[in-house]
Amino acid sequence: MASYIIRRLLQAVPIIIGITLLTFFIMQLAPGNPMQTMINPKIPLSEMQKVQEELGFNKPVIYQYFNWLKEILQGNLGYTIKTGQPVTQLIMERLPATLLLTCTAFLLSFVIGIPLGVYSALHRNKTPDYVLTVVSLVGISIPSFFFGLGLIFLFALKLGWFPTSGMKTIGKDLTGIALFIDYARHIILPAAVLALPTVAVVMRFTRSSLLEVFSLDFIRTAHAKGLSKRVVIFKHALRNALIPVITIFGLSIPFLFGGAYITEHIFNWPGMGSLGISAIVGREYPVIMALNLFTSILVLLGNLIADISYAWADPRIRYS
Amino acid sequence: MKKGSFLALLLAAALAVVTGCSSSSSTQPQTPSSPTETAAPTEGGSLTIASESEPGNLNPHIWATSSDTFVTHMIFDSLVIPDKELKMVGSLAEKWDVSEDGKTYTFHLQKNVKWHDGTPFTAKDVAFTFSSLAKPEYDAGGYWRVSPVVGAEEVHEGKAQEVTGIKVIDDHTISFTTTEKFAPFLSGLFIGIVPEHLLKDVSPKEWAKHDFNRNPVGTGPFQFVKWESGQYIELKANKEYFKGAPKLDKIVARFGDTNTMLAAFINREVDVAPVPIAEIPSIQSLDYAELKVANQLSMYYIGFNALNEHFQDKKVRQALAYAIDKQSIVSSILGEYGKVSFDVFPMNHWSHNPDVPQYPYDPAKAEALLQEAGYAKNGKGIYEKGGKELTFTLEVPTGKTEREKTAALIKQYFEKIGVNMELRALDFPTLVTKLLPKNADGTQRKVTADDYHAYILGFGVEADPDEYRSYFGSKYMPPNGYNFVSYSDPEVDQLLEQQVAEVDMEKRKGLFWEVGKKLAEDEIWIPLYEQEAPYVANKRLVGFDPDFRGPTFNAQDWAVTQ
């Protein structure tokens, strides 16, 4: 197993380099550089030109890329072009918020998705199953910005149950349980928006996987042995059915991080997503690249963890 | 804290609802002490004000944008500041004298001004601020402020160490001498003064990376407390402010998407928020909301590429101006928050000449002008000349709904008279690469007829209209300046150069009025409309009075009624 993990980690290196190379070039395909977003007739064009030259924007893209790669290998993610902030600091400031939001959404997805899937499978082709199927289809297809605004309108503006946006109540120094409640009230709506599509996917997956297992011989044997329905479902069927669901764990990580971009923007959640959106609009290459690098590493790690846990959950699978 | 207790109540109410104490579905958050209009403002209190985007940094000299000045206006003071009539008045400078030859400005500074850390403010801070902008290592967009001063160019080119034209006379007196008479000079001094004692050992090249940007010390009415990245910046009152202590104890500046901030306003989480014109009806019914409108000193226009074969002829440009029903555009899109514009100078600015040639909506006249210009309708009903259809593309930068809607209406107006216009939506940086094109090696080059046909943009004047020189002077065509419409007119050239040295305000105004008249005649820009910036404010806030200087420049006068 250890050699397998090491091999996978080594394989990840060229993949990450490939991803960054690709995104660097795609980013450069978008016309305009950060300095060009600032037209000011009072600043002579020659001055602007000088700044762009100093920043290396006039060099060939491949040269700029290797320059960036060189800095990365020395552990330097660079500085924002317009404001000179260290990108590492910028991301570290935003990372906890994003992790909090995505982990909450991640938990919600499985805590809600799996029981609903089981319920749906047990009531196959009956009304509750149909209702849940429709709900999950809606959940997968509803755009998150729309769902988010809808939730704000209903739960924040009309009912006043939750705050509209932000991560905590500004201007209050809460501690302990009060602080926890404050965070919880702020996170419920964005986490719900972020989790909805994953809940739907997990639910559908659990349902179909469980139904497949139900038709297998060992389930019939278990019934024949006279085991109670409860033991058959939860001890024998569900454990086997959940193995494919584990794959969803890994696959949902990039999905959640991607979804966080829009959700964070709508809810003014101070995470990496809202940072990324403003970086793209402002053509802040170092920030975009750093976020990209970070997300690709996370995705690769997510996949690796999924594969490992797959082997752990299903003794028939052996990596060598 | 009042706000705190309100939120605590809200929290309690919400919890009560969640735990099922109430089944009412219309639980509007109720304030315990709803503000009444008769309530008198109190001393102290705090306020939350929202902005669309987070500042990049809080050093006023690093590529300042409006999202930066939104906060820095409250932390820093400048030597001079434009008043409502755009006349420069003193701020850190109590008064100033101008020498006979109009080249030396001697500023007498306010005494008893202290930096937020307690260090006294002196003329050395002023000298330090402006000398730094001249240094060759400084490259963050402020050199133009000091470039007219004697010796600044030498320092900028690395040939000298000191800007000889900046002289500290004593602790509270400083003089600036310009190489030529330069009328816009004063307006360039409208920028925050930074403390020498904190930045003197930092090369201006490193300013952008210095901690000062995230933890600034100024002389202004409010003092920096903390910055929670992505969330808010907190400021507290500078009780020793030289113009008098602010009434509020605390101001929190929050940032976020406009719609989100508006929702936060409705929920009373913020007290002031910018509001898109289309959303105004949704807040008008709130009894605690008050609409405040800021004039922007900016106008929106269509700019033509004068090198394009169709637009070389000013009759075509005039015809297109007659073809647009500006009044309908304004009434349908902007309502009472917009005005039809005929002049390239904003109408609340002194450079605006009320008497420029106008092009009221007249499609018949538009067609007549096109025919005069030698165009005739072809089989498809489109005007053509020499076998070439009058077809062009209008570049429309995204991001401002009103502008995008306007472009769509204009397309219809042009189609009506037989002109074919395509719309191309693109983001602003992309448009810039068309207006200021580059060679393959990255250097700026001249604009050609093919780089673009026409575009729609807004243009705002900060305070001094000298910036029009770079837009319309024939020697400022790229790569030498921003005249990307390639406008060339000897009379305008002369007027624009003349106004620079004209320190007599009335005469200078006259020169600009002539420029406006000539530009309206030539119609290289079709002015479309001016748009105001509406803000919604909670009625508990007193003294909120946004104008072209931004919403926060008078924060020291704000107070709350509870």
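Here, each number is a calculation from the coordinates, and none is a lab measurement. None of these values were measured; they are calculated from a predicted model. We place every Cβ from the backbone using ideal geometry, glycine too, and count neighbours over all the protein chains shown.
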Placing each pseudo-label 7 Å from Cα in the direction of the beta carbon, A:Arg316 and B:Glu100 end up separated by a distance in nanometres of 10.4 nm
Inter-chain shielding metric for A:152-158, i.e. average beta-carbon neighbours from other chains within 10 angstrom, reads 4
In whole µm²/s, the translational diffusion coefficient that Stokes-Einstein assigns to chain A, given a Kirkwood hydrodynamic radius over C-alpha pairs, 10 °C and 1.306 mPa s, equals 70 µm²/s
PRE zone check, label point 7 Å out along Cα-to-Cβ of A:Gln89, amide N under 13 Å, scope the stretch B:113-146, hits none
For the table B:Lys314/B:Lys411; A:Lys82/B:Lys124; A:Lys82/B:Lys339; B:Lys200/B:Lys226; A:Lys50/B:Lys388; B:Lys84/B:Lys247, the rows whose alpha-carbon distance is greater than 30 Å are A:Lys82/B:Lys339; A:Lys50/B:Lys388
For chain B the mean separation of alpha carbon contacts under 8 Å (6+ apart) over residue count, i.e. relative contact order in percent, is 20 percent
Per the rule of 0.36 nm per residue minus the C-alpha distance, extending B:Glu180 to B:Gln327 adds in nm 48.5 nm
Here FRET efficiency (C-beta to C-beta, A:Ser141 to B:Ile280, R₀ 25 Å, nearest 0.05) is 0.15
Here the whole-number average of other chain Cβ atoms within 10 Å per Cβ of B:224-234 is 5
The rounded separation in angstrom of the Cα centers of the stretch B:447-469 and the stretch B:47-92 is 24 Å
Under the Karplus relation with 6.51, -1.76 and 1.60 and θ = phi - 60°, whole-Hz ³J(HN,Hα) for the stretch B:265-282, x at Gly and Pro, equal 5, 4, 7, 6, 7, 10, 9, 9, 8, x, 10, x, 3, 5, 9, 4, x, 6
The simple spin-label model distance between B:Glu521 and B:Asn480, using points 7 Å out along Cα→Cβ, in nm, is 2.4 nm
For chain A, the helices passing both cut-offs (Cα extent along own axis of 24 Å or more, Kyte-Doolittle mean at least 1.0, full DSSP H runs) are A:2-29, A:87-122, A:176-214, A:238-267, A:285-313
Expected vector for the stretch B:127-144, Karplus 3J(HN,Hα) from phi with 6.51, -1.76, 1.60 and θ = phi - 60°, integer Hz, x for Gly and Pro, equals 4, 4, 4, 7, 5, 4, 5, 8, 4, x, 6, 7, 9, 10, x, x, 4, 4
Amide H proximity to B:Leu423 below 5 Å, modelled H, separation 5+ or other chain, gives B:Leu394
Counting sequence-distant residues (5 or more places) and residues on other chains, those with an amide H built under 5 Å from that of B:Gly56 are B:Asp68
Sequence order, the stretch B:357-362: Karplus ³J(HN,Hα) from phi using 6.51 cos²θ - 1.76 cosθ + 1.60, θ = phi - 60°, Hz rounded, Gly and Pro as x, gives x, 10, 10, x, 4, 7
Other residues with Cβ under 15 Å from the Cβ of A:Lys59 give, with Lys and Arg +1 and Asp and Glu -1, a net charge of -1
Taking a label point 7 Å from the Cα of B:Val202 along Cα-to-Cβ, the residues of the stretch A:72-86 whose backbone nitrogen sits under 17 Å from it are A:79-86
Expressed as a whole-number percentage, the relative contact order of chain A with C-alpha contacts under 8 angstrom and at least six residues apart is 27 percent
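With n ≥ 4 as the cut-off for DSSP H runs, can you work out [θ] at 222 nm for chain B, using -39500 (n - 2.57) per run divided by the number of residues, rounded to the nearest 500?
-8000 deg cm²/dmol, from helical runs alone.
Counting other beta carbons within 10 Å of each residue's own, what order do B:His116, B:His197 fall into, fewest first?
In increasing order of surrounding Cβ atoms, one gets B:His197, B:His116.
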Rounded to one decimal in nm, the spacing of the 7 Å Cα→Cβ label points at B:Lys314 and A:Ile305 is 6.9 nm
Taking B:317-326, A:169-178 and ranking on average Cβ neighbours within 10 Å, highest first, one gets B:317-326, A:169-178
Taking the alpha-carbon centre of each part, the distance from the stretch B:381-424 to the stretch A:238-303 in Å is 40 Å
Listed by chain and number, the residues whose amide H is under 5 Å from that of B:Asn378, excluding neighbours fewer than 5 places away on the same chain and using placed H, are B:Tyr383, B:Glu384
Hull volume per residue for the stretch A:95-283, using the convex hull of the C-alpha atoms, in Å³ is 148 Å³
In terms of the alpha carbon gyration tensor, root eigenvalues a ≥ b ≥ c, rounded if a/c is under 1.5 and otherwise prolate when a/b exceeds b/c or oblate, the stretch B:295-532 is rounded
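Two decimals is fine: what's Rg over Rh for the protein assembly as shown, C-alpha atoms, Kirkwood radius as Rh? Before the final figure, lay out each step's value.
Values: Rg = 31.0 Å, Rh = 30.7 Å.
Result: Rg/Rh = 1.01.
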Taking r as the C-beta separation of A:Ile243 and A:Ala30 and R0 as 51 Å, the FRET efficiency to the nearest 0.05 is 0.75
Per DSSP, the loop-located chymotrypsin sites (Phe, Trp or Tyr not before Pro) within the stretch B:478-550 having at most 14 other beta carbons within 10 Å are none
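Below 8 Å, C-alpha to C-alpha, sequence gap of six or more: please give me the relative contact order for the stretch A:45-140 in percent. If you can, show how the numbers build up before the last one.
Details: 25 pairs, mean separation 8.5, N = 96.
9 percent.
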